1. Yes or no: the range 133-151 includes at least one residue that is surrounded by 19 or more Cβ atoms within 10 Å (Cβ to Cβ), modelled with pLDDT of 90 or more, out of contact with any strand residue (DSSP E or B) (no Cβ under 8 Å at 6 or more places or on another chain) and not hydrophobic (A, V, I, L, M, F, W, C).
2. Could you tell me whether residue 140 is touching a residue at least 60 places away in the same chain (Cβ under 8 Å) and touching a Leu at 6+ places or on another chain (Cβ under 9 Å)?
3. It is to be established whether one or more residues within the range 174-182 are among the aliphatic types (A, V, I, L, M) and over 23 Å from residue 306 (Cβ atoms).
4. Does at least one position in the range 190-198 carry a residue that is surrounded by 23 or more Cβ atoms within 10 Å (Cβ to Cβ), within 30 Å of the chain's Cα centre (by Cα) and small (Gly, Ala, Ser)?
5. Return the total of residues in the range 63-96 being assigned to a helix (DSSP H, G or I) and either within 24 Å of residue 303 (Cβ to Cβ) or under 21 Å from the mean Cα position of the chain (by Cα) (or both).
6. Only residues in the range 414-433 that are under 17 Å from residue 93 (Cβ atoms) count as the first member; pair them with residues that are modelled with pLDDT of 85 or more, Cβ under 7 angstrom, at least 6 apart or cross-chain, and list the lot.
7. For residues in the range 69-109 being aliphatic (A, V, I, L, M) and modelled with pLDDT of 85 or more, which is surrounded by the most Cβ atoms within 10 Å (Cβ to Cβ)?
8. Looking at the structure I just gave you, is residue 167 within 27 Å of residue 246 (Cβ to Cβ) and either part of a helix (DSSP H, G or I) or touching a residue at least 60 places away in the same chain (Cβ under 8 Å) (or both)?
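The values are calculated or read from the model by the stated rules, or taken from the named source; none is laboratory data. Everything quoted here is computed from the prediction, not taken from an experiment. Reconstructed Cβ throughout: ideal geometry from the backbone, glycine too, with neighbour counts over all protein chains shown.
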Amino acid sequence: MEQTTFKRAMKQRHLMLLSFGGVIGTGLFLSSGYTLQQAGPLGTVLSYVIGSILVYLVMLCLGQLAIKHPVTGGFHVYASKYIHPAVGYIVAWFYWLTWTVALGSEFTAVGLLMQKWLPDIPVYIFATIAIILVLVFNIISTRFYAEVEFYFSLVKVIAIIVFILLGILVIIGLIHYTGYQGLHTITQRYTNPTFPHGLGSVFLTMLAVNYAFSGTELIGIAAGEAEEPEKVIPKAIRATLWRLIVFFIGTIIIISILIPSYQGKSLKSPFVVIFQEMGIPYAGDIMNIVIITALLSAANSGLYAASRMIWSLSNEGMFPKWFGHLNKYQMPIRATLFSMIGGLLALLSSVYVADSLYVVLVSIAGLAVVIVWMSICVSYFNAKRIDQSLKIHQAVPIIGFTLCLVSCIGMIFDPNQAPALYFGLPFAVLALAYYYIKYNKKGDA
């Protein structure tokens with residue numbers, strides 16, 4: 001079904017910064033500390049290099065599919081068309097799960113970081129304020145949302161550029177950094193030990209790294225609201241990918257050199273630690289503000305993605321039509337409010353063991369997005385068999401699918417991430433069962 005009910009109000013700059021908004025959040029600013037702790041400096045760099053290759057391959061496939069079918073909520077449409085309607089149904093719900101769970105982690109992280117200044121105020125108070133803000137951004141209009149996200153994302157992009165430049169100045173010896181002794185420190189970080197928990201830790205942390213890269217696929221979600229999608233989408237994907245790879249790899253190399261792996265904490269941002277060690281006045285506070293902005297931005301993108309997926313399901317007849325309603329400004333208010341369930345997860349996790357639940361939330365979101373990426377690879381592989389004019393070789397989705405599968409297998413052996421399976425697999429089974437009970441009767445399968 002051709003989806004033409006949304007305004008095509010997004011330009012290339014909106015698409016690029018929308019993707020940045022989804023990607024540059026807790027995964028880079030906070031979860032990188034967890035990866036560093038588990039895999040060590042060299043292992044962390046390798047994890048992010050492999051993650052970069054994986055996301056590049058997946059986005060090549062997505063770009064071709066989005067140009068061929070520029071629809072809102074594209075992933076489940078592609079999976080339904082090129083794999084099976086039941087798979088499309090599960091993909092839609094997994095992607096919704098990715099972002100609603102991610103909302104929980106973003107809002108919880110905002111509350112935890114705000115306690116740096118106001119330790120006596122409960123985390124859930126800050127989480128509630130963040131929920132209200134993000135909800136307002138998402139219910140006014142598509143263009144308003146896109147503009148807010150553009151400037152939110154611009155703040156953190158500038159912050160990362162500054163971080164990388166200052167990090168380079170430290171590494172070449174032009175800025176003093178406590179404990180840094182040039183080549184001796186670099187050698188020690190990468191070789192003493194090379195892999196503190198063994199080479200296998202590189203693969204065990206791949207799911208957390210994939211979560212850090214999740215959000216690049218938002219360009220595919222927004223295809224139905226982009227101006228001239230056939231021109232804008234490929235440009236936005238190419239520009240976004242290269243910038244993200246430079247930002248992520250550059251940032252991780254600096255973090256891995258300047259922070260010993262044993263100092264990596266899942267809830268203590270490596271960015272804040274490094275700026276404090278540089279001795280820059282109020283740098284920790286400034287970076288805290290930037291990170292909070294980044295978290296709000298990622299949540300903003302997340303609510304957008306989740307609401308569009310619910311709307312798309314409704315539009316395809318796989319969810320009650322009530323959720324497909326658009327208001328006079330052509331915004332899916334009902335789908336947006338439903339998707340804010342992730343905000344309730346934030347409140348629960350901030351009241352009940354926020355520190356330990358955070359990694360579990362990230363793992364669930366990581367598993368869900370990897371399953372979505374796998375569906376993109378399979379969808380493109382099948383689409384290429386039908387339409388040989390598609391430009392990307394079939395080896396690309398095969399390699400991408402294999403790397404995704406490796407990261408899923410790796411999580412089984414990581415006790416911090418394995419709980420995601422206990423939630424993710426039953427969720428998939430329930431979604432599949434519901435699909436066949438509800439929709440197979442209509443001959444949709």
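1. Checked against the condition, which is being surrounded by 19 or more Cβ atoms within 10 Å (Cβ to Cβ), modelled with pLDDT of 90 or more, out of contact with any strand residue (DSSP E or B) (no Cβ under 8 Å at 6 or more places or on another chain) and not hydrophobic (A, V, I, L, M, F, W, C), the range 133-151 yields no hits at all.
2. Working: touching a residue at least 60 places away in the same chain (Cβ under 8 Å): yes; touching a Leu at 6+ places or on another chain (Cβ under 9 Å): no.
Against the criterion (touching a residue at least 60 places away in the same chain (Cβ under 8 Å) and touching a Leu at 6+ places or on another chain (Cβ under 9 Å)), residue 140 does not qualify.
3. Step one: filter the range 174-182 for residues among the aliphatic types (A, V, I, L, M), giving 174-175.
Keeping just the survivors that are over 23 Å from residue 306 (Cβ atoms) gives 174-175.
Checked the range 174-182: at least one residue is among the aliphatic types (A, V, I, L, M) and over 23 Å from residue 306 (Cβ atoms).
4. So the first thing to find is which residues in the range 190-198 are surrounded by 23 or more Cβ atoms within 10 Å (Cβ to Cβ), and the list is none.
Taking every residue of the range 190-198 in turn, none turns out to be surrounded by 23 or more Cβ atoms within 10 Å (Cβ to Cβ), within 30 Å of the chain's Cα centre (by Cα) and small (Gly, Ala, Ser).
5. From the range 63-96, those assigned to a helix (DSSP H, G or I) are 63-68, 74-82, 85-96; that's our starting set.
Okay, now just the ones that are also either within 24 Å of residue 303 (Cβ to Cβ) or under 21 Å from the mean Cα position of the chain (by Cα) (or both), so 63-66, 74-80, 88-96.
Residues meeting the conditions: 20.
6. 428/90; 431/89; 431/90; 431/93; 432/86; 432/90
7. Looking only at the range 69-109, we keep the residues that are aliphatic (A, V, I, L, M), and these are 71, 77, 79, 83, 86-87, 90-92, 97, 101-103, 109.
Then drop every residue that is not modelled with pLDDT of 85 or more, which leaves 77, 79, 83, 86-87, 90-92.
On the way: 77: 25, 79: 26, 83: 18, 86: 18, 87: 19, 90: 25, 91: 28, 92: 26.
Checked the range 69-109; the qualifying residue surrounded by the most Cβ atoms within 10 Å (Cβ to Cβ) is 91.
8. On the way: within 27 Å of residue 246 (Cβ to Cβ): yes; either part of a helix (DSSP H, G or I) or touching a residue at least 60 places away in the same chain (Cβ under 8 Å) (or both): yes.
Yes, satisfied.
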